[in-house]
Amino acid sequence: MADRGEFDRLLAENERYAESFDRSALTAVPLRNLAIVACMDARVDVEAALGLRTGEAHVIRNAGGLATEDVIRSLIVSQQLLGTDEIFVIGHTGCGLLGADDDALRERLTAATGEALEVRFGSFDDLEASILASVELLRTHPWLKRVPVHGLAFDVATGRLREIG
Ligand SMILES: [Zn+2]
């Protein structure tokens, strides 16, 4: 039988969370009308770094914090159905995709499974350029509203955010 240690620990944490839960009056519309696209990196605590509370912003996360097709899907919902009108894109130092090699990763998976795959992982060599590319795409994407789009780089060594572009 699988070790349920982590699973049970998380459910116990949720029990404690629910006991003091006081956010039941919120609606799905983020109170600050913000949408944030950020890397999934475990060191980047988006809400804590920006002083945001539950209910104040949409936080859309993936590997790299890249403006992928699914991020754009989420932003369309965020803007059209839930009224957000400002976007922040947050990359960070030490990202797992920084200096990674898409081809090598695809080859490793193909070797392990025998199946060719066409996924783009979005490896990049320049953090600022990667953030700027996502910012530019979101500023000009035909399905997104013309709202302010800001780029930020989070420094995992200091916790500081730096404006990009
Ligand atoms: Zn990252």
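Some points to look at:
- Residue 82 meets the stated requirement of being more than 19 Å from residue 163 (Cα to Cα) and not β-branched (Val, Ile, Thr).
- In the range 24-113, counting only helices (runs of 4 or more DSSP H) that sit wholly within it, the ones holding 2 or more residues that are within 16 Å of the ligand (Cβ to nearest atom), touching a residue at least 12 places away in the same chain (Cβ under 8 Å) and over 15 Å from residue 154 (Cα atoms) span 102-113.
Any read-out appearing in this document is the output of simple, stated calculations on the displayed coordinates, not a laboratory observation. From a predicted model like this one, the values you see are computed outputs, not experimental measurements. Cβ atoms come from the backbone with ideal geometry, glycine included; neighbour counts cover every protein chain shown.
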